[in-house]
1. Mind listing whichever residues of segment 113-161 are of a type in the set (Gly, Ala, Ser) and either open to solvent by 40 Å² or more (accessible area, probe 1.4 Å) or in a helix (DSSP H, G or I) (or both)?
2. Looking at this structure, is Val423 part of a helix (DSSP H, G or I) and either more than 19 Å from His67 (Cα to Cα) or in contact with a strand residue (DSSP E or B) (Cβ under 9 Å, 6 or more places away or on another chain) (or both)?
3. Considering (1) in contact (Cβ under 8 Å) with a residue 40 or more places away in the chain; (2) open to solvent by less than 30 Å² (accessible area, probe 1.4 Å), say which one Met262 fails and leave the rest.
4. Is there any pair with a first residue in segment 477-498 that is open to solvent by less than 90 Å² (accessible area, probe 1.4 Å) and a second that is among the basic types (Lys, Arg) and in a helix (DSSP H, G or I) whose Cβ atoms are under 7 Å apart and which are 6 or more apart or on different chains, and what are they?
5. Among what's in segment 354-375 and is among the polar types (S, T, N, Q) and crowded, with 22+ Cβ neighbours inside 10 Å, pick the residue that is farthest from the chain's Cα centre (by Cα).
6. Using the structure shown, decide if Met319 is touching a Phe, Trp or Tyr at 6+ places or on another chain (Cβ under 6 Å) and either on the phi < 0 side of the Ramachandran plot or of a type outside the set (A, V, I, L, M, F, W, C) (or both).
7. How many of the residues making up segment 467-498 are in a helix (DSSP H, G or I) and either farther than 20 Å from Leu158 by Cβ or out of contact with any His (no Cβ under 6 Å at 6 or more places or on another chain) (or both)?
8. Specify the residue that is farthest from the chain's Cα centre (by Cα); the eligible residues are those in segment 91-101 that are surrounded by fewer than 18 Cβ atoms within 10 Å (Cβ to Cβ) and part of a helix (DSSP H, G or I).
Amino acid sequence: MLIESTKELSYNVELINLLCRLGVSYHFEIEIDNQLNNIFNNLPKLLENNDYDLCTLATLFRVLRQHGYKMNSDVFKKFKGKDGKFKRNIINDVKGVLSLYEACFLAVHDEDILDEALCFTKKHLETLDENSSPHLQKHIRNALILPYHHNMERLDTLHYISFYEADESPNETLLKFLKFAKLDFNRLQLLYKKELALLSTWWKNTKIVESLPYGRDRVVEAFIWAAGSIFEPQYSLSRMILCKHVQLESVVDDTYDTYGTMDELKCFTAALERITTDGIDEVPEYLKFFHSCISRIFDETENDVTERSAYKASHSREMLKELTRAYLVERGWQNDDGEAPSFDEYMKIGRVTSTFDFVTSAVIQGIENMGIKEILWVRNNPPMVEATKFFSRLMNDIAARKDETKREDFPKGLDCYMKQYGVSRPEAIEAIFKILENKWKDMNEDLLKPTTMPKILLKYTFNFARMSMVFYIGTDLFTYESSSKEIITSLFINQLPI
């Protein structure tokens, strides 16, 4: 249908949009890119000869931007009045307003028209949903909580299948798309179950849960993060290594954050730095056990990948050492009589404790054609990587501070921002969300063509930020496991009826 279509632009773009929203576009990446490249090259002529409506233009804009094509946001000027504001009559087009809202999240810096459009559409969508059909109402509310561009792909696929299924005027083409999407979702779910079974057995065999009871047992939540970061079936090995790294890191975090004494942690950090086990006698028995577990996990992972990847395993070990050094600094802040560092000082360490470098080393290990070039890109901290680290660190911090009953494991990013700028907690939260809003634009810029990194690495990096939103936008889903039950059930247990 995609290759042979000779229909008008709106039909082809909606076809591509459906493939993306229904979660099956990964099957047709070359065909989609060829089609979009042709549309983008002919875009000036198409826009000149056609008076596209708001829904068509907004969908076209979003689809092109999501695939790296920088369509000019000036196309939305036609929907403004002489007063420079968006025309009020467009609110009668609910689907058009929703499409424009979703498109706004693809903005880059200095696109004021999209900033204005976001305020306009969000304001009106919050009231328009009340007069919409029930299935459109639910779709709007999902978008207001987490827009497509910021949501976990598999979760958005579930939401969109439900929305698409409720269409009041189904046709043969629609039903074919729907069946294909459901079959594909169920097929991937079977793969995820197999991976989870293997990971659960692996985790049980480490005996960390029974030997280190203070550590969080979160292998399923770690797998949600892994599947949300890199969901495609061909990256199964990478996803599983990533899950192991996320679970391992959570126990390392708990060791430094809640259990070990400062003296024990200093000795443990020093022991991890050594190539041999020299100095391991200086740490208590529980840390000797943990040290041996860490070494064994790295050895197992190295055996799972090709011999040519030994340097990538070595890099991963170095990233864990860097992470534990940063955790030790944070633990020192906790013991410093409540004296918080400045926000800038905090984020120097926070970039490391975001864990992005460590867990990304797992992804690179699992993909054979990634290597030194990709490692250096991550380590050079380009805007996209920097942005992702900010999301991971600061969204976690905000979620932690929402629980007023939790032990004050001082300081967090909010505390440090309040100290540096002398503002209240609500003002600090507002300021941090403004920082993150600009970080989205940094990432959007780095996703535009031409790019020098593999598409899957760029997408994974962006998805890492998305997962920070999914896990920390409300309750901390990683720490409070009961909060993640609905996601676990939807993604890994309940099959979609065909």
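The values are calculated or read from the model by the stated rules, or taken from the named source; none is laboratory data. Model, not experiment: these values are computed from the prediction. Glycine gets a Cβ as well: all are built from the backbone with ideal geometry, and neighbour counts include every protein chain shown. Side chains included, ligands, DNA and RNA excluded: accessible areas come from the protein's heavy atoms. Shrake-Rupley method; radii C 1.70, N 1.55, O 1.52, S 1.80 Å.
1. Within segment 113-161, Ala117, Ala143 meet the criteria.
2. In short, no.
3. So Met262 meets the others, but not (2).
4. Going by the 7 Å Cβ cut-off, the qualifying pairs are Leu491/Arg154; Phe492/Lys193; Leu496/Lys182.
5. Filtering segment 354-375 down to residues among the polar types (S, T, N, Q) leaves 354-355, 360-361, 365, 369.
Still in the running and crowded, with 22+ Cβ neighbours inside 10 Å: 354-355, 360-361, 365.
Details: Ser354: 13, Thr355: 13, Thr360: 12, Ser361: 16, Gln365: 19 Å.
Top of the filtered list is Gln365.
6. Yes.
7. Step one: filter segment 467-498 for residues in a helix (DSSP H, G or I), giving 467-472, 481-493.
Subsequent filtering for residues that are either farther than 20 Å from Leu158 by Cβ or out of contact with any His (no Cβ under 6 Å at 6 or more places or on another chain) (or both) retains 467-468, 470-472, 481-493.
The number of residues fulfilling the criteria is 18.
8. That would be Asn92.
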